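The values are calculated or read from the model by the stated rules, or taken from the named source; none is laboratory data. Quantities reported herein were computed from a predicted structural model and do not represent experimental measurements. All Cβ positions, glycine included, derive from the backbone under ideal geometry; neighbour counts span all protein chains shown.
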Amino acid sequence: MFALVDCNNFYASCERVFNPKMEGKPIVVLSNNDGCVIARSNEAKAVGVPMGAPAFEYEEMFAKNKVQVFSSNYALYGDMSDRVMQVLSRFTPEIEIYSIDEAFLDLTTFTLYDIEKYCANIRNTVKQETGIPVSIGIAPTKTLAKLANKYAKKRKKDIGVHLLRTTEQLKEALTNSEIGDVWGIGGQYTKFLKKHNINTAFDFTLANEQWVRKNLNVTGLKTLKELKGTPCYHLEQTPPAKKGICTSRSFGALVKDYGLLEESVATFASRCSEKLRKQHSVASVLQVFVHTNPFREQDAQYFNSKSITLPVPTNVSFELAKAAIMGLKIIYRKGYNFKKAGVIVTGIVPEQSVQLNIFENPKFAKNKSVMQSIDKINRTMGRDKVRLSVMGFDRKWKLRQEKKSPCYTTRWSELLTITV
DNA sequence: TCTGGGGTCCTAGGACCC
DNA sequence: TCTGGGGTCCTAGGACCC
């Protein structure tokens, strides 16, 4: 049996933990640059704020309904996520952290327990120790656990735990779940399946397997089998190393100037190098891209990218920044209003495989220890305490974040003060 | 003024090899 | 009339996830 633990309206709930005045009120959290709505409390959903709503179009609506608006605060959400996952790990070592707000638990060996009671206990403990409300779905496959979780959120709000085990329980939940709510069935497949008169998860379980294989390929077939109770996905306790790493941002204001673009691209390359070092990998290809704002129809549009093959795979920040700037010089065109830039590294292999190369460059060991020292300083003293000068200092291209809450749990200077 | 960011897997088709 | 058979690797594009 798998349990899927999913935090309710996670970002909105994080904002509420340290700001209890927000309890019971509609609140939304915006994407980077305060662009669109990416999280909503139940109250915000109830007054009709849609997911992805552009903030500037909804200003009046927010005011009218007294919706509290927050910029996203990833330092806070990341730390709260760690706390939730730590609590969950106490209940079983068989845990897969699936995303910032979700974890699968493998409860197969818990045969002597009342699983529903055990999960209710998990839910209460997480709430008690972190302040975050969660819902838990329990079922024989991951896809069914996802479905059970949705069901718990929709129909068993007060209990927050839903178990699917007997044929009757399964049939009832499948019949009452829309096909588009199934994990693995997105917008395109929903349209396609509805056209063929498959409207619920139960309808889908009656579909012909060859037909599903042909039209939704093997991933669709796996989804079908999982819904019918045959597990195709297992618990992944150690996440596999990433095959591609991307750092990109939209700018807070349009950028015309080459120098600012260069600062941003160097910064993105440096972030990619940090992420590579964190998973002990090196990359052999770096791609840099820039583009204008497609929403500004009055502006001339320009999209371009350049791939650079690195002479030796690397995770050294200045080597990646150098390559990124080289690429940027090739694709930069004067006179455009740039809105976004990014760096993607691919051709990722373990650091070990390069170190063992018999043609190893003596610079490699030296650079590696420089990077280790920089990482250590930045980890303890704060991000970018030591950085490449080409990354700049005043960050004119930085994000807009006008309504960011304090980093309650990760910055001494922003700790909550309680006045009695 | 203003519209996010970061991933995965699968398939088809082209280039190339013997 | 008629023109082999069996592979690999890479990339672009489309689907999905959070």
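Among A:Phe56, A:Phe62, which is more than 16 Å from DNA strand C (Cβ to nearest atom), in contact with a strand residue (DSSP E or B) (Cβ under 8 Å, 6 or more places away or on another chain) and not in a loop (DSSP other than H, G, I, E, B)? Before you say what the answer is, go through the steps one by one.
On the way: A:Phe56 fails: in contact with a strand residue (DSSP E or B) (Cβ under 8 Å, 6 or more places away or on another chain).
One residue alone meets the criteria, A:Phe62.
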*Could you please let me know if A:Ile308 is away from DNA strand B (no atom under 14 Å from the Cβ) and not aromatic (Phe, Trp, Tyr)?*
yes
*asked:* Kindly evaluate A:Asn337 against the criterion of being more than 25 Å from A:Glu274 (Cα to Cα) and within 16 Å of DNA strand B (Cβ to nearest atom).
replied: yes
_A:Ser405 being of a type in the set (S, T, N, Q) and either at pLDDT below 95 or outside any helix (DSSP H, G or I) (or both)_ = yes
*Applying the selection to segment A:342-353, what residues are more than 16 Å from DNA strand C (Cβ to nearest atom) and closer than 10 Å to A:Ala283 by Cα?*
A:Pro350, A:Glu351
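Only one residue in A:Asp101, A:Asp114, A:Asp79, A:Asp6 is within 30 Å of A:Lys142 (Cα to Cα), in contact with an Asp or Glu (Cβ under 6 Å, 6 or more places away or on another chain) and charged (D, E, K, R), so which one is that? If you could, list the steps in order and put the result at the bottom.
Working: A:Asp101 fails: in contact with an Asp or Glu (Cβ under 6 Å, 6 or more places away or on another chain); A:Asp114 fails: in contact with an Asp or Glu (Cβ under 6 Å, 6 or more places away or on another chain); A:Asp79 fails: in contact with an Asp or Glu (Cβ under 6 Å, 6 or more places away or on another chain).
One residue alone meets the criteria, A:Asp6.
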*asked:* The conditions are (1) surrounded by fewer than 16 Cβ atoms within 10 Å (Cβ to Cβ); (2) within 11 Å of DNA strand C (Cβ to nearest atom); (3) of a type in the set (Val, Ile, Thr), and A:Thr223 fails exactly one of them. Which is it?
replied: (1)
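Inspect all residues belonging to segment A:267-289 and state whether any of them is surrounded by fewer than 15 Cβ atoms within 10 Å (Cβ to Cβ) and within 16 Å of DNA strand C (Cβ to nearest atom).
Going through segment A:267-289, the residues surrounded by fewer than 15 Cβ atoms within 10 Å (Cβ to Cβ) turn out to be A:278, A:280.
If we keep only those that are within 16 Å of DNA strand C (Cβ to nearest atom) too, we end up with none.
Within segment A:267-289, not a single residue is surrounded by fewer than 15 Cβ atoms within 10 Å (Cβ to Cβ) and within 16 Å of DNA strand C (Cβ to nearest atom).
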*Of all the residues that make up segment A:85-115, how many are within 16 Å of DNA strand B (Cβ to nearest atom), out of contact with any strand residue (DSSP E or B) (no Cβ under 7 Å at 6 or more places or on another chain) and assigned to a loop (DSSP other than H, G, I, E, B)?*
1
*Collect the residues in segment A:228-266 that are within 16 Å of DNA strand C (Cβ to nearest atom) and within 23 Å of A:Ile374 (Cα to Cα), keeping them in residue-number order.*
A:Lys242, A:Ile245, A:Cys246, A:Thr247, A:Ser248
*asked:* Name the single residue that is nearest to A:Met371 (Cα to Cα) among those in segment A:324-341 being more than 16 Å from DNA strand C (Cβ to nearest atom), crowded, with 19+ Cβ neighbours inside 10 Å and among the small types (Gly, Ala, Ser).
replied: A:Ala324
*Subset of segment A:116-135 [out of contact with any helix residue (DSSP H, G or I) (no Cβ under 6 Å at 6 or more places or on another chain) and either part of a loop (DSSP other than H, G, I, E, B) or crowded, with 18+ Cβ neighbours inside 10 Å (or both)]*: A:Tyr118, A:Cys119, A:Arg123
*Please go through segment A:284-343 and pick out each residue that is farther than 20 Å from A:Ile245 by Cβ and assigned to a strand (DSSP E or B).*
A:Thr292, A:Phe303, A:Asn304, A:Phe338, A:Lys339
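Quick one: count up the residues across segment A:28-44 that are in a strand (DSSP E or B) and crowded, with 24+ Cβ neighbours inside 10 Å.
First pass over segment A:28-44, keeping only residues in a strand (DSSP E or B): A:28-30, A:36-40.
Narrowing further to those that are crowded, with 24+ Cβ neighbours inside 10 Å: A:28-30.
Of the residues in that region, 3 qualify.
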*Would you point out the residue of segment A:226-252, among those that are more than 9 Å from DNA strand B (Cβ to nearest atom) and among the β-branched types (Val, Ile, Thr), that is surrounded by the most Cβ atoms within 10 Å (Cβ to Cβ)?*
A:Thr230
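Select from segment A:138-188 the residues that are within 16 Å of DNA strand B (Cβ to nearest atom) and surrounded by fewer than 21 Cβ atoms within 10 Å (Cβ to Cβ) and list them in ascending order.
Taking segment A:138-188 first, the residues within 16 Å of DNA strand B (Cβ to nearest atom) are A:142-143, A:146, A:182-188.
Of everything in segment A:138-188, those that are within 16 Å of DNA strand B (Cβ to nearest atom) and surrounded by fewer than 21 Cβ atoms within 10 Å (Cβ to Cβ) turn out to be A:Trp183, A:Gly184, A:Gly186, A:Gly187, A:Gln188.
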*For segment A:7-22, enumerate the residues that are more than 16 Å from DNA strand C (Cβ to nearest atom) and within 24 Å of A:Met85 (Cβ to Cβ).*
A:Glu15, A:Arg16, A:Val17, A:Phe18, A:Asn19, A:Pro20, A:Met22
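Determine which member of the set A:Cys246, A:Cys232 is in a loop (DSSP other than H, G, I, E, B) and of a type in the set (A, V, I, L, M, F, W, C). Give the steps one after another, and end with the answer.
Details: A:Cys246 fails: in a loop (DSSP other than H, G, I, E, B).
Exactly one residue qualifies, and that residue is A:Cys232.
Where residues in segment A:2-22 are assigned to a loop (DSSP other than H, G, I, E, B) and modelled with pLDDT of 95 or more, which of them is surrounded by the fewest Cβ atoms within 10 Å (Cβ to Cβ)?
A:Asn8
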